[in-house]
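Undergrad: Got a structure for you, questions after.
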Amino acid sequence: MIPSHASVSSLSLAALRAARPVLWTRPDQAAPAAAAPYGMADVRAAHDRFVRFAPLLAQLFPELEAAGGVIESPLLAAPAMQAALGLPDTAGRLWLKADHALPVAGSIKARGGIHEVLEFTENLALAQGLIAPGDDYRQLGTPAARACFAQYQVAVGSTGNLGLSIGVIASALGFRAAVHMSADAKEWKKARLRARGVEVVEHPGDYEKAVAAGRRQVQADPRGYFVDDERSASLFLGYAAAALTLRDQIAQAGLVVDAEHPLFVYLPCGVGGAPGGIAFGLSLLFGAHVHCFFAEPVQSPCFLLRMLAGHGQLPGVPAPPSVYDIGLTNQTEADGLAVPRASDLAYGAVGHLLAGVYTVADDTLYGDLARLHDSEGLRIEPSAAAGFSGPRHLLGSVAGQQWLRARGLLPHLPRATHLAWTTGGLYVPAEAYDRFLSRGQRLAAAHQAQTNAPFLHHPSYRA
Ligand SMILES: *Cc1c(COP(=O)(O)O)cnc(C)c1O
């Protein structure tokens with residue numbers, strides 16, 4: 001049995017080391033008054049940059065023509081998935097933010113990655129006199145502009161999805177593009193990049209090693225630009241801009257977010273940039289009424305470790321901690337989340353704003369991937385399923401119940417919105433997806449047989 005008064009840190013550490021699913025909630029009632037590194041003006045600027053480039057993007061990508069060059073995803077009600085998860089209506093309503101369908105990149109990386117390449121392009125074009133402020137950016141698609149861009153290299157280190165987004169947009173604009181990938185990157189992602197003329201450089205180690213190797217190589221190139229996933233403000237703000245669109249979508253859907261209508265957002269987390277940017281933007285807009293949780297694989301809980309270290313709950317582990325320091329492997333099928341150490345930039349920006357972090361076993365990701373397919377007919381990749389464990393953790397665990405009670409949220413649950421961010425999947429090849437799905441369907445069936453009240457008796461919380 002999990003003792004209900006166990007200290008949060010000892011419970012989390014033992015379970016964390018054993019790679020069991022855990023929920024950790026931030027203990028401080030009030031966020032420490034950290035000086036915010038960015039503000040609304042920065043988020044707005046990122047949003048406006050996407051708007052300036054939209055006409056050019058519509059020209060470069062036929063799939064964006066109908067949307068006028070806007071790269072966005074819908075906010076979807078998910079009543080059938082809610083039923084499949086066994087989440088009762090008395091606990092709120094399940095929605096999802098469908099970034100798995102984001103065009104061009106096929107994942108949430110379309111936000112940060114494309115924003116950073118657009119910012120680099122804009123600065124270069126202004127400096128070279130290719131455009132002046134206020135111009136029509138379609139001029140950047142002319143042969144003269146492309147000849148200029150061809151002299152520059154854009155590079156990135158990635159487990160896959162960031163590389164896809166940077167490689168595809170950089171090569172479409174006319175840059176030389178190189179993606180440094182770790183050994184766990186999927187073959188189809190490499191193939192998709194090579195088909196677009198992107199150079200794929202493979203590194204034997206993990207994500208951190210690929211980033212370090214890419215950074216070194218580009219530093220030696222005076223016309224090289226390196227997109228630094230661990231340190232980039234431009235990536236972070238590109239993600240944050242999503243909050244502005246989401247606010248409009250929430251209003252259009254007739255959803256209310258206030259003290260009586262809490263918004264819970266469940267964000268799959270790798271290095272922390274994408275979920276961090278989004279949590280940052282949402283907290284600017286919704287303040288204390290939005291509660292953001294990060295979701296990580298049980299073998300790669302890097303952001304959770306960073307939070308524990310920041311709260312003095314990780315004794316004996318050198319800071320900044322990596323998942324290897326506590327004996328975990330960083331091995332997961334959720335390749336978008338396979339990161340051993342969190343981004344300092346993301347931690348500094350949102351560590352004090354997050355409601356909590358939870359971890360998910362790979363089998364649970366596959367089960368939820370299949371549930372989403374069978375209930376709503378949506379196709380996502382394993383990483384993107386991590387959000388669906390959020391309500392399960394929050395409502396089905398002692399830690400979750402304690403947190404809801406301590407924050408005074410229990411009475412408001414019937415009017416709550418639970419938003420799972422589905423972060424990738426559009427370009428997963430059919431053969432790969434079919435394997436994910438059949439594995440998930442087997443697991444979902446086995447789990448259903450174990451219990452028909454998955455929320456209150458989830459296996460993770462049994463003795
Ligand atoms: C990259 C990625 C994330 C998390 O983004 P980070 O910035 O690494 O935290 C989540 N889901 C998918 C599918 C991703 O590719």
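The values are calculated or read from the model by the stated rules, or taken from the named source; none is laboratory data. Only a predicted model underlies this, so the values are computations on that prediction, with no experimental measurement involved. Here Cβ is always computed from backbone atoms with ideal geometry, including for glycine, and neighbour counts include all displayed protein chains. Keep in mind that these areas ignore ligands, DNA and RNA; they rest on the heavy atoms of the full protein, side chains included. Shrake-Rupley method; radii C 1.70, N 1.55, O 1.52, S 1.80 Å.
Undergrad: Round to the nearest 0.05 the FRET efficiency obtained for Thr142 and His311 when R0 = 51 Å and r is the Cβ-Cβ distance.
TA: 0.45
Undergrad: The chain: Rg/Rh from Cα coordinates, Kirkwood Rh?
TA: 0.96
Undergrad: Cross-link candidates for Lys97: which lysines have Cα within less than 19 Å, leaving aside residues fewer than 8 places away along the same chain?
TA: By straight Cα distance, Lys97 reaches Lys109.
Undergrad: On the protein heavy atoms, probe 1.4 angstrom, tell me the percent of accessible surface of the range 108-233 carried by carbon and sulfur.
TA: The C+S portion of the solvent-accessible surface of the range 108-233 is 51 percent.
Undergrad: Grab the Cα-Cα distance for Ala212 and Leu126, subtract it from 0.36 nm times how many residues apart they are, and report the gain in nm with one decimal.
TA: Between Ala212 and Leu126, full extension yields an extra 28.0 nm.
Undergrad: Would you mind checking which residues have amide H under 5 Å from Val265's amide H? H placed 1.01 Å from N; only 5 or more apart, or other chain.
TA: His291, Cys292, Phe293, Leu419
Undergrad: So, in Å, what gap is there between the alpha-carbon centers of the range 145-204 and the range 346-377?
TA: 27 Å
Undergrad: Once amide H atoms are built 1.01 Å from N in the peptide plane, which residues 5 or more positions from Glu202, or in another chain, come under 5 Å H to H?
TA: Those lying under 5 Å, H to H, from Glu202 are Met181.
Undergrad: Can you run phi through the Karplus equation (6.51, -1.76, 1.60; θ = phi - 60°) for the range 334-345 and list ³J(HN,Hα) in whole Hz, with x for Gly and Pro?
TA: 7, 5, x, 10, 7, 10, x, 9, 6, 6, 5, 4
Undergrad: Using a 1.4 Å probe, what is the accessible area per residue for the chain, in Å²?
TA: It amounts to 37 Å² per residue over the chain.
Undergrad: At a threshold of 8 angstrom on Cα-Cα distance, excluding pairs fewer than six apart, so keeping six or more, what relative contact order does the chain reach in percent?
TA: Computed over the chain, the figure is 22 percent.
Undergrad: Using a 7 Å offset from the Cα along the Cα-to-Cβ direction at both Gln401 and Leu285, what is the distance between the two label points in nm, to one decimal?
TA: 3.4 nm
Undergrad: Still on this structure: Order these peptides, 252-258, 296-302, by their mean beta-carbon neighbour count within 10 angstrom, highest first.
TA: Ranking the peptides 252-258, 296-302 by packing returns 296-302, 252-258.
Undergrad: Would you give the gap between the C-alpha center of the range 246-287 and the C-alpha center of the range 382-434, rounded to a whole Å?
TA: Between the Cα centres of the range 246-287 and the range 382-434 lies a distance of 13 Å.
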